[in-house]
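Comments concern the structure below.
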């Protein structure tokens, strides 16, 4: 049970702090200047965690095992971070803007699961999508 729970708690906790930080980013700073610091710290933390968690100490060998996903994920993370900062700068409230994006994400990922990964699509999921869509409309107004 704990193996299933701790990652969820980590994501919820980190996401909470993430949104507080994104909302608190000064409006007069260029978003990308702020992201340079963000990703510099992220790179440093990743480097430290690599050496703390890896029995393999050859970083170059591990980097050689990566594929296109690491590069695309890096670009997507910048887009995500910029988008969240832009959401808050556009005036969205903390509890609403992210909720709207998460509902949109949930709907999109069900479709991605069905179309790209051939996951089953059940009546229960259809009802869930309808509820999400209704919720999205209600929250966004």
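Read-outs throughout are calculated quantities, based only on the coordinates presented, and are distinct from any laboratory measurement. Computed from a prediction, not measured in an experiment: that's the story for all the values here. A quick note on method: Cβ atoms are made from the backbone with ideal geometry, for glycine too, and the neighbour counts reach across all protein chains shown.
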Cβ crowding within 10 Å averaged over residues, with 31-38, 112-119 ranked highest first:
31-38, 112-119
Mean Cβ count within 10 Å, highest first, over the residues of peptides 98-104, 77-83:
98-104, 77-83
Compute the Cα gyration tensor for the stretch 47-86, then decide on rounded, prolate or oblate, letting a ≥ b ≥ c be the square roots of its eigenvalues: rounded whenever a/c is under 1.5, prolate when a/b is larger than b/c in the other cases, and oblate in all that remain.
oblate
Using 1/(1 + (r/R0)^6) with R0 = 30 angstrom and r between the beta carbons of residue 3 and residue 59, what's the FRET efficiency to the nearest 0.05?
0.60
Checking the a/c ratio against 1.5 first, then a/b against b/c, what shape does the Cα gyration tensor give for the stretch 83-134?
oblate
Return the ratio Rg/(2.2 N^0.38 Å) for the chain, where Rg is computed over Cα atoms only.
1.28
